[in-house]
Amino acid sequence: MTDGPEHLYTQQTDIARMEALIRQLPDEARVEIRLTDGGAITGVVPARPTVQVFRDADGREGFNAVVRIDDHTRPDVTHYLWLDRIASVTALGSA
């Protein structure tokens, strides 16, 4: 799937932002995702992500979440994105 997250979050504002993104990523949603690096991905969310607890290399705990996106233009490609890389989500309907 993917390695552990590059960033872990403990502040309530960061966790609330992730939860808000998750509400925009329901099962079977067709979405366009704009990334913080300026890229974009269009595809289907097979299953809604959930915020999870992770540990960094030093053993500190924090939160992040990963979403799977099945690419719309390349059906054989699956993306796994950490929510903190997502700048915005635009709903395009359901699959």
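Looking at this structure, is ILE86 surrounded by 14 or more Cβ atoms within 10 Å (Cβ to Cβ), farther than 14 Å from GLN24 by Cα and of a type in the set (A, V, I, L, M, F, W, C)? So ILE86 fails the test. For the stretch 46-84, a residue qualifies if it is within 17 Å of GLU19 (Cα to Cα), outside any strand (DSSP E or B) and either at pLDDT below 95 or touching a helix residue (DSSP H, G or I) at 6+ places or on another chain (Cβ under 8 Å) (or both), and the qualifying residues are ARG48, PRO49, THR50, VAL51, ALA65, LEU83, ASP84.
What tally of residues in the stretch 41-94 results from selecting those that are polar (S, T, N, Q) and touching a Pro at 6+ places or on another chain (Cβ under 7 Å)? Looking only at that region, the number is 1.
Residue by residue through the stretch 1-45, note down the ones that are of a type in the set (D, E, K, R) and in a loop (DSSP other than H, G, I, E, B).
Within the stretch 1-45, ASP3, GLU6, ASP27, GLU28, ASP37 meet the criteria.
So which residues in the stretch 62-78 are touching a strand residue (DSSP E or B) at 6+ places or on another chain (Cβ under 6 Å) and among the acidic types (Asp, Glu)? Correct list: ASP70, ASP71.
Scanning the stretch 12-35 for residues that are open to solvent by 30 Å² or more (accessible area, probe 1.4 Å), over 12 Å from the mean Cα position of the chain (by Cα) and closer than 13 Å to ASP84 by Cα yields THR13, ASP14, ALA16. For the subset of the stretch 36-46 comprising residues that are more than 11 Å from the chain's Cα centre (by Cα) and in contact (Cβ under 8 Å) with a residue 12 or more places away in the chain, which member is surrounded by the most Cβ atoms within 10 Å (Cβ to Cβ)? Filtering first and then ranking leaves GLY43.
The values are calculated or read from the model by the stated rules, or taken from the named source; none is laboratory data. Bear in mind that the values here come from a model prediction, so they are computed numbers and not experimental data. All Cβ positions, glycine included, derive from the backbone under ideal geometry; neighbour counts span all protein chains shown. Protein only, heavy atoms only, side chains kept; ligands, DNA and RNA dropped before computing areas. Shrake-Rupley method; radii C 1.70, N 1.55, O 1.52, S 1.80 Å.
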